[in-house]
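> Okay, here's the structure, questions in a sec.
The values are calculated or read from the model by the stated rules, or taken from the named source; none is laboratory data. Model, not experiment: these values are computed from the prediction. Here the Cβ is made from the backbone with ideal geometry for all residues, glycine too, and neighbour counts use every protein chain on show. Only protein heavy atoms, including side chains, enter the accessible area calculation; ligands, DNA and RNA are left aside. Shrake-Rupley method; radii C 1.70, N 1.55, O 1.52, S 1.80 Å.
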Amino acid sequence: LNLCRRLNVRKKKLHREPTKNYFPLPNVIYQLGLSAGAIAVYSYLFYIENRETYQCHASYATIGNAVRLSRNTVRKYVQELERRGLILTERTTIVTQDGRIQNGSLLYTILPIQLVMEQFYQEQLEADMAREQQRIEKLMVQRNAAY
């Protein structure tokens with residue numbers, strides 16, 4: 001507040017231009033129980049994706065530099081995102097000038113969040129049903145033991 005007063009910012013209307021220097025991250029990403037590192041990696045991939053193809057290329061090193069994590073740690077979080085169904089990865093190859101074929105960076109595809117949420121809710125429902133089944137079985141055992 002003091003900083004705002006010193007800069008006379010209150011006199012000006014401050015606003016964010018929604019299409020400049022921002023990218024939309026789905027709010028539900030925080031409901032999936034992801035680790036903080038996985039959210040950071042997902043955010044970076046979302047930031048660099050092509051908005052028409054939902055794909056991007058990045059090496060583990062590039063992602064690591066952006067989110068301040070090691071390559072191995074980035075690999076672990078990419079695998080977490082794949083397991084949760086948020087992204088797909090594809091290996092790519094490149095042809096060098098002398099004609100050799102080498103591994104390229106991964107091609108990431110950001111999957112629609114609606115599919116991920118449906119799968120998450122289905123897993124939650126199945127886990128709730130399994131817990132309820134166990135509770136009923138326990139009650140039945142207690143009831144039979146009482147007789």
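> Could you list, in sequence order, all residues of region 113-147 that are without any contact (Cβ under 8 Å) to a residue 24 or more places away in the chain and within 29 Å of L45 (Cα to Cα)? Spell out how you get there, then give the answer.
At the first step, the residues of region 113-147 found to be without any contact (Cβ under 8 Å) to a residue 24 or more places away in the chain are 114, 118, 121-147.
Residues satisfying the conditions are Q114, E118, Y121, Q122, E123, Q124.
> Could you look through region 83-101, keep only residues that are polar (S, T, N, Q) and over 25 Å from T53 (Cα atoms), and pick out the one that is nearest to the chain's Cα centre (by Cα)? It would help to see each step written out before you state the result.
Within region 83-101, the subset polar (S, T, N, Q) is 89, 92-93, 96-97.
Applying the additional criterion that residues be over 25 Å from T53 (Cα atoms) yields 96-97.
Details: T96: 33, Q97: 36 Å.
The residue in question is T96.
> Then there's this: Anything in region 80-129 that is open to solvent by less than 70 Å² (accessible area, probe 1.4 Å) and out of contact with any strand residue (DSSP E or B) (no Cβ under 9 Å at 6 or more places or on another chain)? List them, or say none.
E80, R84, G85, G99, P112, I113, V116, M117, F120, A127
> Sticking with this one: Would you say S59 is among the small types (G, A, S), over 13 Å from the mean Cα position of the chain (by Cα), open to solvent by less than 90 Å² (accessible area, probe 1.4 Å) and modelled with pLDDT of 95 or more?
no
> Counting only residues that are assigned to a helix (DSSP H, G or I) and open to solvent by less than 20 Å² (accessible area, probe 1.4 Å), which one in region 31-51 is farthest from Y108 (Cα to Cα)?
The qualifying residue farthest from Y108 (Cα to Cα) is G37.
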